[in-house]
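The values are calculated or read from the model by the stated rules, or taken from the named source; none is laboratory data. Computed from a prediction, not measured in an experiment: that's the story for all the values here. Please note: Cβ atoms are built from the backbone with ideal geometry, for glycine as well, and neighbour counts cover all protein chains shown.
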């Protein structure tokens, strides 16, 4: 079930200058994503998917257009302002995990809270909570090289959750995992969504996108298709609201 938009973009465009050539990575994107939506963002190479992900993740700024994130206009923010918004509003999960090798699972998960200025005892307490939530109570003191790929991705998921962000942005989170482990990670995502989190899943894998309730496809910097996943539509509901678990 959804409320007002947590992400609202209007005529969002991004143009890169490559020598004497202008590359229109995003030509015009207008869409809303609501609180507690579970969205898969798909598109082939060159579709604008990565550019759009960087913009909604506050890793880059648009050439033109407006982007409102949780009531904040981030369209024209400078790098320091964007960094602050990223730390407070967005939890990132990457294909390559991006864990610091010399830190334990607990320390990796607690790291965003260091940047947020949270005291040591509170940040470690919170890190333990989210590691337990993803089933890693017995791996808190292990370093990344002592963990399996699936366990490392669970640590990355916990790190994304530790700040209670407005949205979880997952970039190809199963890309380096085998099928069994991918299914386990997607089950964790479903649990996270059930707790009320907003999830944006960037993927090129159709079977992974089917876990999302809404699928947005980009092509040539435009929205080619934006539809509700039919398996989550209640037939008797004329407004096509999501199924309740």
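Here are a few things to note about the model shown:
- Of the strands (runs of 3 or more DSSP E) lying entirely inside region 1-102, the ones with 3 or more residues being free of Cβ contacts under 8 Å to residues at least 12 places away in the same chain are found at 5-18, 21-34.
- Test: residue 135 is surrounded by 13 or more Cβ atoms within 10 Å (Cβ to Cβ), in a loop (DSSP other than H, G, I, E, B) and out of contact with any strand residue (DSSP E or B) (no Cβ under 8 Å at 6 or more places or on another chain): yes
- Test: residue 57 is in contact with a strand residue (DSSP E or B) (Cβ under 8 Å, 6 or more places away or on another chain) and at pLDDT 95 or above: no
- Residue within region 7-23 that is at positive phi, touching a helix residue (DSSP H, G or I) at 6+ places or on another chain (Cβ under 8 Å) and crowded, with 17+ Cβ neighbours inside 10 Å present: no
- In region 103-127, residue surrounded by the most Cβ atoms within 10 Å (Cβ to Cβ) [restricted to those that are without any contact (Cβ under 8 Å) to a residue 40 or more places away in the chain, farther than 27 Å from residue 175 by Cβ and touching a helix residue (DSSP H, G or I) at 6+ places or on another chain (Cβ under 7 Å)]: 123
- Test: residue in region 24-41 that is touching a strand residue (DSSP E or B) at 6+ places or on another chain (Cβ under 8 Å) and modelled with pLDDT under 90: no
- Number of residues in region 64-93 that are in contact with a strand residue (DSSP E or B) (Cβ under 7 Å, 6 or more places away or on another chain) and either surrounded by 14 or more Cβ atoms within 10 Å (Cβ to Cβ) or within 21 Å of residue 117 (Cα to Cα) (or both) equals 14.
For every residue, the table says whether it meets (1) under 30 Å from residue 27 (Cα atoms); (2) in contact (Cβ under 8 Å) with a residue 24 or more places away in the chain; (3) under 15 Å from the mean Cα position of the chain (by Cα).
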position	(1), (2), (3)
180	no, no, no
186	no, yes, yes
192	no, yes, yes
204	yes, yes, yes
218	yes, yes, no
